[in-house]
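Take a look at the structure set out below.
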Amino acid sequence: MKKIILASKSPRRKELLEKCGIPFECMPMNIDESLAEGDTLEEKIRLLSERKADACLQVHPDAVVIGSDTIVTVDQKILGKPHSHEEAYEMLKELSGRTHRVITGLCMKSAEREYSDVSVSEVTFASLSDEEIHDYIASGECDDKAGSYAIQGLGGRFITHISGDYYAIMGLPLNLVYEELKNIELY
């Protein structure tokens, strides 16, 4: 059976991939995560997921490798992971009462086959008071999360509408992964 490797350190991606019921290993890759110039945001995030998969496949050429990355954007501005509580506050204030996009790139690669795609979802936040934002930041949940929130956690209470793939918003388009794994010769 071919080994499946998730090229990520994200506990959310690991948790999601476990839902496929297929054994796998996690192997985070230290790559340059800067986004290419000139491409669309969708293309940039797809290429970043490919770089992760390529780096892992070089180390494990007999495996099936899964690379993925997610960005949150509002008005074409990327909201990455906050570096401080102040930055988290600014991001959440910017998302308050608005709809934003979550773009997740996926690349699945083996020596014989390659699949890459992008999932784009829209998420609408309720209007948030300063107290709600500060309480959420104090929970610690916004740390290490693109856009400073987790849809699957306390941050879910702020969301009034989503259009797209819930699991891709969490960080891994689960159905795309599952369907592609069915197409890959694992044995």
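Computed from the coordinates by the stated procedures, all read-outs in this text should not be read as laboratory data. All values reported here derive from a predicted model rather than from experimental measurement. All Cβ positions, even for glycine, are placed from backbone atoms using ideal geometry, and neighbour counts span all protein chains on display.
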Qualifying lysines (Cα of each under 20 Å from Cα of K14; at least 8 residues distant if same chain)
K2, K3, K52, K81, K109, K145, K182
Near-label residues of segment 64-88 by backbone N, under 12 Å of a point 7 Å along Cα→Cβ of K3
64-65
Given that just one value was derived from the coordinates, which of (i) 37, 19, 11; (ii) 31, 16, 15; (iii) 24, 20, 15 is semi-axes √(5λ) of the Cα gyration tensor in Å?
(ii)
Hydropathy first: keep DSSP H helices in the chain averaging at least -0.5 on Kyte-Doolittle, then drop any whose Cα extent along the axis falls short of 27 Å, and list what survives.
41-59
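Can you give me the orientation-averaged projected area of the convex hull built on the Cα atoms of segment 94-187, in nm²? Please list the in-between numbers first.
Details: hull surface 27.9 nm².
Result: 7.0 nm².
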What Kirkwood hydrodynamic radius, in Å, does segment 1-83 give when the mean of 1/r is taken over all pairs of distinct Cα atoms and then inverted?
13.8 Å
Can you list the residues, at least 5 places off or on another chain, whose amide H is less than 5 Å from the amide H of M27, using H built in the peptide plane?
L6, A7, S8
Distance between the C-alpha centers of segment 24-88 and segment 113-158? Whole Å please.
17 Å
So for each of 137-144, 171-178, 11-18, 97-104 I average, over its residues, the number of other beta carbons within 10 Å; can you give me the resulting order with the highest mean first?
171-178, 97-104, 11-18, 137-144
